[in-house]
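The values are calculated or read from the model by the stated rules, or taken from the named source; none is laboratory data. Computed from a prediction, not measured in an experiment: that's the story for all the values here. For neighbour counting, all protein chains shown are included, and Cβ atoms are generated from backbone atoms with ideal geometry for every residue, glycine included. Note: areas computed on protein heavy atoms with side chains; ligands, DNA, RNA excluded. Shrake-Rupley method; radii C 1.70, N 1.55, O 1.52, S 1.80 Å.
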Amino acid sequence: MTDNSTPVLETRNLVKEYPMGGFMARRTLRALGGVDVSLQVGEILALVGESGSGKSTLARCVTRLEQPTSGEILLDGVDILTTEKWHASRNYRRRVQMVFQDPFGSLNPVHRISHFLERAIHNHHPLTGSALHERLEELMATVDLDANMLASYPHELSGGQRQRVAIARALAVNPEVILADEPTSMLDVSVRIGVLNLMKSLRDAKGITMLYITHDLASARYLADRIAVMFAGEIVEEGDSMEILARPAHPYTELLVSAVPDPERTGSYDPSLRAKLRQQVLDSADCPFDGDLDNPCSRTEPVRHRVGDSALRHLVRCHLYRPTAAGGANALVPTVDEVAS
Amino acid sequence: MSSDRLLEIDNLTVQYRGDVRTTTAVDHVSFGISPGEIFGLAGESGCGKSTIANTILRLLKYPAEVASGTIRFDGRDVLALNGEELRQFRWREVAMVFQSAMNSLNPVITIGEQMRDIFTAHLDLTRRAADARCAELLELVQIDRNRLKAFPHQLSGGMRQRVVIAMAVALRPRMLILDEPTTALDVVVQQEIMAEIKALQAELGFSVLFITHDMSLMVELSHQMAVMYAGRIVEQGPAATLHRQPAHAYTRALMNAFPPITGPRVPLRGLGEGVRLTRVGDLQPVGHNHWSAAVSHEDRERLTPHAAGSEGGPR
């Protein structure tokens, strides 16, 4: 990235490997294979990819719920993996908060809503009496909930309301970065947009930086400034969200875009063709982001190519990518054919 | 509506009776599905979509009851079937893929044993013959036959979903009910599963009642579709027509509840307070084969974009 300002949060070459098999087995599963992500202040970055691509592992490493195998996590330019080697400090936890996927599982059913918010406040900057009460009401107002709900139990709330409580809990400690792991995928269609709009307004009003993890490209496009596409533990393409969806350069991104149901496409809908494309992407053994079975492109270190206009910061990681004169749409496809022929 | 329909639902009303109050989950709903047709039923949670599906298979339990209306399948009155007739009807005539179907497999039994049950219970096949049929069935949904010995947790979400679909088509039913078959899956797997269903439908020729809240997916797949709100159908017609010229404000709102993948990025409103209807009128024809419910005057006032309420507030 060629930005002047220091990113508020950045990962460098982050690797997470899980041991596989039984005791003494040496096999490992590489969930993150050297991920570089950077978040500028007040930016919303969407991390998209299918199940198992390592999106959530990345979020869990950044919130220090998992210990990464190697790499760096920089908060304001300081590598917290060296300064806080084993546990995240309370200060780090205050600055980086997480909102989980399942609002039905992330709120303890035996406590009232006020408990969740009070606890977060109590742990980080204690308030008492009327100051505490004011703060609670303010938080509820921020997420568009009625203050009367503070006395409710989670089961009395709808899914959308619960997710708003989860967001309020994250906000209670005045975080700088919020990681939201599929915050809308468990919610009903009627309230999804509301939660996305809330996240957007928090960024606009409070300047909170967000990492929005999702498999829904359409909502990523709606909410995020930039999109990073993740596949098999690696970022394969990233760029401005409108640009990347208009001109996907990596075959995997193309596949994801083509998988989004689009009513405009009713006539030419051919899912089996797209399923075949997916199989090709997934079956390639050597390179996690290789689009062609017969020509595995992973030989050495993957490289990053700039796509199109450099001002858009649109990058793709693939050996087969060659910028064309047109500098954009499907530049990769002819190149693959060239290699094959 | 003509009588060559495979399934004909007429004026169906289903109520959940309580001591204090009675909730009408399905309110005078009528529609029909022709042989080989994919019929989509859209709407948000709680609008009565799944209740309709359960009523067709006679799965309603106390306190739900059918207050009025008829369901005819191939001319037979489904609501009047007795125990043995019902056993014959379920799965052989109409099969269903349930919501979160991937979790509907028994975790402590191999999938082979679960699939075998269908054949031993309905066709009285021997275990050996049933196992052979199960293996064929798995291959039909492109899963290796060795996986019959696998337990559900050893399969991925998409594979489990395929197993459930294979089980639903095992007896070559004439109609398949899909209740949100892909909600828990990510986009790529969702698209694969839908391709699978389409291919199976082309091969086996069954009708489909497809229930979802994802309008884009539904428009892509369905021939005919209906949009439900609070137990009423607000609009019904060919899927393409509904998408191009939605007549009812609620249909438009539901379509806008998902951000589009193309076009300019515009702020959207959720289906919160802004699009509550006070009452839904009867369906009126608005075009060829296209019906829309009348909107009352005060609803129309509230639903005009500039007069709309807060975005996506709590329901």
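Buried surface for the A/B pair, taken as the accessible area of each chain alone minus that of the pair with a 1.4 Å probe, is close to 3800 Å² in total. Counted by Cβ distance under 11 Å from B:Ser100, the other residues give a net charge of -1, where Lys and Arg count +1 and Asp and Glu count -1. The label-point distance for A:Thr82 and A:His122, in a model that sets each label 7 Å from Cα toward Cβ, rounds to 3.8 nm.
Using a simple spin-label model with pseudo-atoms 7 Å out from Cα toward Cβ, B:Thr126 and A:Asn174 lie 7.8 nm apart. The simple spin-label model puts a point 7 Å past each Cα toward its Cβ; for B:Asp144 and B:Ser156 those points are separated by 1.4 nm. By accessible area, using a 1.4 Å probe on protein heavy atoms only, the stretch B:101-172 has 48% of its surface on carbon and sulfur. For chain B, a Kirkwood radius taken over Cα pairs fed into Stokes-Einstein (4 °C, viscosity 1.567 mPa s) yields D = 62 µm²/s. Among the residues of A:179-189, the average count of other protein chain beta-carbon atoms within 10 Å of the residue beta-carbon is 3.
Springs join every pair of Cα atoms under 10 Å in this Gaussian network model of chain B, and among B:Ala257, B:Ala239, B:Ala226 the largest mean-square fluctuation is at B:Ala257. Peptide B:104-110 is shielded by partner chain Cβ atoms: per residue, an average of 0 of them sit within 10 Å of its Cβ.
Strictly over 29 Å apart at the Cα level, which of B:Lys49/B:Lys149; A:Lys85/A:Lys200; A:Lys55/A:Lys85; A:Lys200/B:Lys198; B:Lys61/B:Lys198 would you flag in this model?
Checking Cα-Cα distances, B:Lys49/B:Lys149; A:Lys85/A:Lys200; A:Lys200/B:Lys198; B:Lys61/B:Lys198 exceed 29 Å.
Spread over its residues, the convex hull of the C-alpha atoms of the stretch B:101-172 is 77 Å³ per residue. Could you run the Debye sum over the Cα atoms of the stretch A:79-179, one equal point scatterer each and no solvent, and tell me log10 of I(q)/I(0) at q = 0.16, 0.25 Å⁻¹, two decimals? The Cα Debye sum returns log10 ratios of -0.68, -1.39. Accessible surface computed residue by residue for chain B, with neighbouring protein chains in place and a 1.4 Å probe, gives 44 Å² per residue. Seen against the Cα atoms of chain B and their longest principal axis, helix B:127-140 is set at about 50 degrees. Computed on chain B, with alpha-carbon pairs under 8 angstrom and 6+ residues apart, the relative contact order is 20 percent.
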